Amino acid sequence: MGVDGVGYVMEYHDQLGLSRERFADLAEQFHDDSYAGREYRRLPDYRKAVEKGTVLVAGTVVRGFPKIPRCLVLDEGIPQHFDREIAVEEKLNGYNVRVARIEGDVLAFTRSGIVCPFTTHKVRTLLPVDRFFEQHPDRMLCGEMIGPENPYTTADCYDVDSIAFRAFDIRERVSGESLPVEDRRAACADLGIPQVDLFGIYTPSEAVESTPETIDDLDERDREGIVMKTIDGGQQLKYTTSAANQGDLAFAFGLPFDYGRDFSFRRLIREGFQSVEFADTEAERRARAHGVGESLLVPMTEAIEAVDGGERLGERHTVRADPRVVDALLEHLREQGLTLDIEQDRRVEGQRVLTFSKRIQKSTDKIDSYLGGTIVNE
Ligand code: ATP
Ligand code: MG
C-alpha cells in the first residue's frame, strides 16, 4: 500500500479519496492485467467517482487522465466554462500516455490504463525519464504520442518521421492534481522534454477574440485543435478544427459498420456549429459541405470496392523498433483479442519496420453481404 508524507500506509480507497464501501463497489469494475510479471488492476471505463484508466499497482494509484469536455461554440462556451485566466495550447492528434515510475520501473500507460510494451520502450529511449523522476518522484508525465509510426493512431500532419512524445501535463500520480501550467512548461523546458505549443495565456474574453484565428491557422495546417485550461490545470475545455472533424469522419466511413453512428453524428454537428460561428461565406459553406461529403463518400466507396475485390478491411499501422520490442507489441495486441495481418516486414539499420493491419470484421462482413444481394427492410 502507498505511504503518505509522514510514513502512514494508505490503502487504495484512501488514496482514491473514497470510503471503504464505495471502493468495494468500484473494485469489481477493475480488470486484472500484468506487464513483465507485474500484476496490476485498471479501470477501463468512465465511472462517476474515478477517472477512466486509473490503475492500482504495487500498492499505489496511477490516476487516470480526466475526460476533457468540449464546446461547440467558442464565443459562449469559453466564458461559460471559465471565470479566470486560461492557457491555450495545441491539441495534438495522437494517443494519450501517462509515464509513471513504479518501484523503480518506468512504465507507459495508455488511456484505459494498459501498460503498452512498445510505448514503454519508446518513452524510456525518447525521454530523460531518470532525471524527470529524480525531480518529480511522486508525479507522472502526461503527453501525446504523435507521428506516423505507432500502433494506435494514423494522423500524419506533424513534422515527425517516426514517433515522438509531446508533454501537456505533469500530475501527482495518486491524486491527479496538475502542476500549474507555467511550472510544468518550465520543468519540461529545463529537462529537455518536448511539449505541446502554447498559443498564449488569456482572460476568457481575450480567448474568445483570439481562438478563432488560432483555429483557422491550425485548420490550414491540418492540425486537430486546441485545449484551453486554467493555470492550475483544474479545468480543461477542447475545440477542434474542421480538418479534424472531417478527418475523423473519413476514418469512420472507411469502416462504416464499426464506428458508431454517434461518433459520426457528433462530428457532423460540430461542422454545422462551426460554419455558423465562423460566419462562413456562401462559397466557404459550400466548400465545407463538399469537404464533409467527400469525407463520407470517398472512404466508404473505397471500402466497398476493396471488399468487392476480395480484400479484408482493417486499420493499418507501421511501427519501427528493436525486433524484440515489436515482438512484444504483437503479442500484446493479440492478447487484447485483435487479429493482425502482417503486410510488410523489413529490417532497417537493425530496427524492425513492420506494417500490419488490425482486422475489422464487421464492416468487411456487412459490405460483403450487401454486395452479395442481402436485402434490407428499410
Ligand atoms: P478521451 O477524452 O477519453 O481521451 P477522446 O477521444 O474523446 O477520449 P480527445 O477528443 O482526443 O479524447 O481529447 C482529449 C485528449 O486530447 C486527451 O486525452 C489527450 O490525450 C489529448 N491532448 C492532446 N493535446 C493535449 C493538450 N495540449 N492538453 C490536454 N490534452 C491533450
Ligand atoms: Mg485524441
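The values are calculated or read from the model by the stated rules, or taken from the named source; none is laboratory data. If you're wondering where the values come from, they're calculated on a predicted model, not measured in any experiment. Positions of Cβ are backbone-derived with ideal geometry, glycine not excepted, and every protein chain shown enters the neighbour counts. The protein model used for the area step is the full one, side chains on, heavy atoms only, and it has no ligands, DNA or RNA in it. Shrake-Rupley method; radii C 1.70, N 1.55, O 1.52, S 1.80 Å.
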Is it true that some residue in segment 242-253 is in a loop (DSSP other than H, G, I, E, B), away from ligand 1 (no atom under 14 Å from the Cβ) and touching a residue at least 12 places away in the same chain (Cβ under 8 Å)? no
With the requirement that a residue be open to solvent by less than 20 Å² (accessible area, probe 1.4 Å), away from ligand 2 (no atom under 16 Å from the Cβ), touching a helix residue (DSSP H, G or I) at 6+ places or on another chain (Cβ under 9 Å) and more than 27 Å from residue 213 (Cβ to Cβ), what does segment 83-107 give you? 99, 100, 106, 107
I want to confirm something. Restricting to segment 222-250 and keeping residues that are of a type in the set (Gly, Ala, Ser) and more than 16 Å from the chain's Cα centre (by Cα), which single residue is surrounded by the fewest Cβ atoms within 10 Å (Cβ to Cβ)? 234
Inspect segment 136-152 for any residue being away from ligand 2 (no atom under 16 Å from the Cβ), open to solvent by less than 10 Å² (accessible area, probe 1.4 Å) and touching a residue at least 12 places away in the same chain (Cβ under 8 Å) and give the result as yes or no. yes
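Go through segment 53-172 and tell me which strands (runs of 3 or more DSSP E), entirely inside it, have 2 or more residues that are at pLDDT 95 or above, of a type in the set (Val, Ile, Thr) and farther than 24 Å from residue 189 by Cα.
On the way: elements: 55-57, 60-62, 86-91, 95-102, 105-110, 139-146, 164-172.
Those strands (runs of 3 or more DSSP E) span 55-57, 60-62.
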What pairs come out if I take residues in segment 216-231 that are over 18 Å from residue 295 (Cβ atoms) and more than 12 Å from ligand 1 (Cβ to nearest atom) and pair them with residues that are part of a helix (DSSP H, G or I) and open to solvent by 40 Å² or more (accessible area, probe 1.4 Å) whose C-beta lies under 8 Å away, six or more apart or interchain? 231/182
Reported set for segment 19-48 where residues are hydrophobic (A, V, I, L, M, F, W, C) and open to solvent by 40 Å² or more (accessible area, probe 1.4 Å) is 24, 36
Test set (1) open to solvent by less than 50 Å² (accessible area, probe 1.4 Å); (2) touching a residue at least 60 places away in the same chain (Cβ under 8 Å); (3) farther than 27 Å from residue 269 by Cα; (4) of a type outside the set (Lys, Arg) - residue 306 fails condition number: (2)
More than 16 Å from ligand 1 (Cβ to nearest atom), under 30 Å from residue 224 (Cα atoms) and surrounded by 16 or more Cβ atoms within 10 Å (Cβ to Cβ): which single residue out of 115, 61 fits that description? 115
Output the residue which, of all residues in segment 337-360 that are without any contact (Cβ under 8 Å) to a residue 24 or more places away in the chain and within 24 Å of the chain's Cα centre (by Cα), is surrounded by the fewest Cβ atoms within 10 Å (Cβ to Cβ). 337
If only one of 322, 280 is at pLDDT below 95 and surrounded by 11 or more Cβ atoms within 10 Å (Cβ to Cβ), which one is it? 280
Go through (1) surrounded by 20 or more Cβ atoms within 10 Å (Cβ to Cβ); (2) within 16 Å of ligand 2 (Cβ to nearest atom) for residue 68 and report which single condition fails. (1)
Residue 129 - would you say it is touching a residue at least 12 places away in the same chain (Cβ under 8 Å), touching a strand residue (DSSP E or B) at 6+ places or on another chain (Cβ under 7 Å) and open to solvent by less than 10 Å² (accessible area, probe 1.4 Å)? no
For residue 122, which of the numbered conditions (1) touching a strand residue (DSSP E or B) at 6+ places or on another chain (Cβ under 8 Å); (2) surrounded by fewer than 22 Cβ atoms within 10 Å (Cβ to Cβ) fails to hold? (2)
Within 16 Å of ligand 2 (Cβ to nearest atom), touching a residue at least 12 places away in the same chain (Cβ under 8 Å) and not aliphatic (A, V, I, L, M): does that describe residue 41? no
Please indicate, with yes or no, whether at least one residue in segment 73-82 is closer than 20 Å to residue 145 by Cα and surrounded by 12 or more Cβ atoms within 10 Å (Cβ to Cβ). no
